[in-house]
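Visitor: Below you'll find the structure I mean.
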Amino acid sequence: DAATITPNFINGNVQAVTLGDNRTIANPSNIKAGATYIIILVQDVTGSRTITWGTKYKFSGGTAPTLTTTGGQADVITLVAYSTDILMVTSVLNFAIS
């Protein structure tokens, strides 16, 4: 966790972070066209953390999802690399993880 989080997909296609405050998820490195990646965003006990997304993340209808705000809950963000510059994003929200 940091003010700006930069996923590096050479470290794996599935990555998780517990959000300690509002964060920016920068454009990732080592994107391979055609690959699928998953980012799991976990709210800390305080919750209500928000995300600002980098420019390579493309959301259906052009709007990022509203993340779960409950502390200790998780959201699963799935990224399909259309190219090395376009990540098509879907989400499944509000998982209990405890």
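Visitor: With only alpha-carbon atoms counted, please give the Rg and Dmax of the chain, in Å.
Guide: Using the Cα atoms of the chain, the pair Rg, Dmax is 12.7, 36 Å.
Visitor: Still on this structure: List the residues, sorted by chain then number, that are 5 or more residues from A16 or on another chain and whose placed amide H is less than 5 Å from its amide H.
Guide: So A16 has HN proximity to I40.
Visitor: Still on this structure, please answer the following. Using the Karplus curve 6.51 cos²θ - 1.76 cosθ + 1.60 with θ = phi - 60°, work out ³J(HN,Hα) for each residue of segment 3-20 in order, rounded to whole Hz, and write x for Gly and Pro.
Guide: 4, 10, 10, 10, x, 10, 6, 5, 7, x, 7, 10, 9, 10, 8, 9, 7, x
Visitor: Name the trypsin sites (Lys or Arg not before Pro) in the chain that are in a loop by DSSP and that have at most 14 other C-beta atoms within 10 Å, would you? Please list the in-between numbers first.
Guide: Values: sites: R23, K32, R49, K56, K58; in loops: K32, R49, K56.
Those that pass, being in a loop and sparsely packed, are K32.
Visitor: Take Y37, Y82 and sort them by solvent-accessible surface of the protein heavy atoms, 1.4 Å probe, largest at the top.
Guide: The ranking, largest first, comes out as Y82, Y37.
Visitor: Could you please report the charge total around M88, scoring K, R as +1 and D, E as -1 over all other residues with beta-carbon less than 11 angstrom from its beta-carbon?
Guide: +2
Visitor: Right, next: Test of understanding: express the Cα radius of gyration of segment 20-69 as a ratio to 2.2 N^0.38 Å, with N the residue count.
Guide: 1.27
The values are calculated or read from the model by the stated rules, or taken from the named source; none is laboratory data. All values reported here derive from a predicted model rather than from experimental measurement. Note that we place each Cβ from the backbone using ideal geometry, even for glycine, and neighbour counts take in every protein chain shown. Heavy atoms of the whole protein, side chains included, go into the accessibility calculation; ligands, DNA and RNA do not. Shrake-Rupley method; radii C 1.70, N 1.55, O 1.52, S 1.80 Å.
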